[in-house]
1. At residue 88 and residue 212, where each label point lies 7 Å from the Cα along Cα→Cβ, what is the point-to-point distance in nanometres?
2. For a quick check, take a GNM of the chain with Cα springs below 10 Å and name the residue from 67, 50, 222 with the largest mean-square fluctuation.
3. Would you pull out the residues with amide H under 5 Å of residue 216's amide H, same chain only if 5 or more places away, H placed 1.01 Å from N?
4. In whole Hz, with x marking every Gly and Pro, tabulate ³J(HN,Hα) for the stretch 264-277 from phi via Karplus 6.51 cos²θ - 1.76 cosθ + 1.60, θ = phi - 60°.
5. Take the Cα coordinates of the stretch 96-231, assign each an equal point scatterer, and use the Debye formula without solvent to give log10 I(q)/I(0) at q = 0.17 Å⁻¹.
6. Given 119, 164, 74, which one lies farthest toward the positive end of the charge dipole of the chain, if we put +1 on the Cβ of every Lys and Arg and -1 on the Cβ of every Asp and Glu?
7. Each label point is 7 Å from the Cα along the Cα-to-Cβ direction; what then is the distance between the points at residue 200 and residue 62, in nm?
8. What's the carbon and sulfur percent of the chain's accessible surface, probe 1.4 angstrom, rounded to a whole number?
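The values are calculated or read from the model by the stated rules, or taken from the named source; none is laboratory data. Worth saying up front: this structure is predicted, and the values here are computed from it rather than measured. All Cβ positions, even for glycine, are placed from backbone atoms using ideal geometry, and neighbour counts span all protein chains on display. Areas reflect the complete protein model, heavy atoms only, side chains present, ligands, DNA and RNA absent. Shrake-Rupley method; radii C 1.70, N 1.55, O 1.52, S 1.80 Å.
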Amino acid sequence: MEELERGPVRHLIDPMDLSVEEVEELLNVAQDIINNKDKYREACKYKKLATLFYEPSTRTRLSFESAMMELGGNVLGFSSAQSSSVSKGESVEDTVRVVGQFADIIAMRHPNEGAPKLASMYSPVPIINAGDGGHNHPTQTLTDLLTIFSEKKKLDNFTIGLCGDLKFGRTVHSLIKALSRYEGVKFVLISPKELKVPGYIITEVLEPSGLSYKEVTSLEEALPELDVLYMTRVQKERFFNEADYIRLKDTYILDKKKLDNAKEDMIILHPLPRVNEIAADVDSDPRACYFKQVLYGKYIRMALILKLLGVDVK
Ligand code: CP
């Protein structure tokens with residue numbers, strides 16, 4: 001009989017669930033994993049990760065699964081609601097109460113904002129929010145922080161341009177929250193007026209932080225001052241009206257020519273998938289970091305799994 005009583009369970013639902021010190025600890029563990037992979041090969045032997053994905057994913061689900069495998073653990077789960085009893089009407093609450101008997105930790109993606117939070121109230125094991133609607137994507141944020149930290153050697157005193165769909169892009173909301181805790185970060189929010197960041201990001205995150213921010217519409221004008229450019233796709237699946245999506249989807253297309261006006265050491269990030277917003281001719285530019293970013297995502301998820309399972313690797 002598996003043990004039914006467990007200690008206090010720690011979840012990751014919002015990027016702010018982790019203190020700045022805990023983020024630093026995760027970044028350090030991820031870098032140690034990168035440098036000492038063998039040390040971690042059996043760290044999660046006999047442990048199981050369940051990936052409950054009610055929404056499509058390539059990177060997040062597979063990087064979680066790959067992360068657990070590289071730690072010596074096993075994975076189970078579903079990649080669409082249709083292939084589980086959710087299609088018969090089973091609630092999120094019941095699903096995690098059940099899966100929590102089979103797995104030691106759960107990564108959940110759901111189209112409804114707040115669904116992973118609700119799950120965490122019923123789950124006997126840690127829940128990781130792998131993206132909830134247009135709300136948050138905290139493990140993408142950890143990925144982004146590890147990428148910036150590894151490439152720029154700091155998380156403070158730089159200017160970041162976030163470009164594209166700032167309204168529906170959950171990775172943008174989570175990243176702004178996380179970066180709002182570091183000194184001297186300047187935000188340039190580049191979007192058409194229809195896709196500006198939600199008001200709460202301005203009033204509850206940026207204004208209280210005291211950090212510099214501005215909302216602009218021109219990528220070309222913003223480029224010269226940026227140290228980090230974070231491109232995003234227009235989130236087709238969150239639009240109510242297809243005509244609006246078609247009108248806005250190609251507002252920003254970064255190509256090699258535009259990069260002539262960017263700093264030599266600027267880095268280009270994108271949570272991916274991309275559609276048209278970064279032309280293929282940018283991929284070979286040394287500033288393009290978005291495929292490297294995917295790999296950082298696996299290492300930071302390894303570090304997170306270890307932390308939430310309470311596994312300490314010496
Ligand atoms: N960045 C990201 O969340 O990608 P997927 O939707 O493929 O998981």
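1. 5.9 nm
2. 222
3. Under 5 Å from the amide H of residue 216 lie the amide H atoms of 189, 190, 191, each far enough along the sequence or on another chain.
4. Along the stretch 264-277, the couplings run 4, 9, 5, 10, 10, 10, 7, x, 6, x, 9, 10, 10, 6 Hz.
5. Per q value, in the given order, log10 I(q)/I(0) is -0.91.
6. Comparing the listed Cα positions along the dipole, 74 ranks first.
7. 3.3 nm
8. Values: 6980 of 13910 Å².
Carbon plus sulfur share of accessible area: 50 percent.
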